Amino acid sequence: MHEDEPRWLTDGEQQIWRTYLQATMLLDDHLDRQLQRDAKLPHLYYALLVQLGEAPRRRLRMTELARQAKITRSRLSHAIARLEKNGWVRREDCPSDKRGQNAILTERGAEVLAEAAPGHVAAVRQALFDRLTPEQQKSLGEIMKIVAEGLQPCEAGADLPWLR
């Protein structure tokens, strides 16, 4: 095999890859439909509300929120505009940087998040955790941590907080 030739997936690897893709697409769709049906918000908006709800003083710089959500600033700006229109988030200029803005979770946004969270957690539990043994859950967490660390290098000594 030459150095410049691709390392094709074996039949077993191809099967694993396709199963992974199918499962993640089905899970994403399932969770999005549940949130749309029960809380009238897409999964992305829910994830943004969660990020803000967990942030100190329920606020994050827009650039940091985009980085954490793994979306472009343009897509974030559109999502925040929709959340602002609903009264769930507000923006304010960053006092330490005139070009920056903070996104802030409002009281109404915190209420919407609190109302949506139980149904979302139940959907996650039913679709994923209830189907796995404790050992499988641990293995899945370890595998996903390795994949995430390989794709998004963390700062030296930093942990992936969502895997705790």
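Where a number appears in this text, it was derived from the coordinates with a stated rule and is not lab data. Keep in mind the model is a prediction, meaning the values are calculated, not measured. Every residue, glycine as well, gets a Cβ built from its backbone with ideal geometry; the counts of neighbours run over all protein chains shown.
Remarks
- Positive minus negative residues near Arg75 (Lys, Arg vs Asp, Glu; Cβ under 14 Å): +4
- The order of Ser139, Ser74, going from fewest to most other C-beta atoms within 10 Å of their C-beta, is Ser74, Ser139.
- Partner lysines whose Cα lies under 30 Å from the Cα of Lys40, excluding those fewer than 8 positions away in the same chain, are identified as Lys70, Lys85.
- P(r) weight above 15 Å for the range 93-132, C-alpha pairs, percent: 62
- Space enclosed by the convex hull of the alpha-carbon atoms of the chain, per residue, Å³: 180
- Inter-site label distance for Asp32 and Arg82 at 7 Å from Cα along Cβ, in nm: 1.0
- DSSP-assigned coil residues among chymotrypsin sites (Phe, Trp or Tyr not before Pro) in the range 1-70, each with at most 16 further Cβ atoms within 10 Å: Trp8
- Length added when fully stretched, Leu9-Glu149, from 0.36 nm per residue minus Cα-Cα: 48.2 nm
- Point-to-point label distance, Arg131-Glu111, nm (Cα→Cβ direction, 7 Å offset): 3.6
- Measuring r between the beta carbons of Thr24 and Arg99 and using R0 = 45 Å, the FRET efficiency lands at 0.80.
- Loop trypsin sites (Lys or Arg not before Pro), the range 61-150 (other Cβ atoms within 10 Å of the site Cβ: 14 or fewer; DSSP): Lys70
- Comparing Val124, Val50, Gly100 along the charge dipole axis of the range 1-150, the residue lying farthest to the positive side is Gly100, per the Cβ-charge model.
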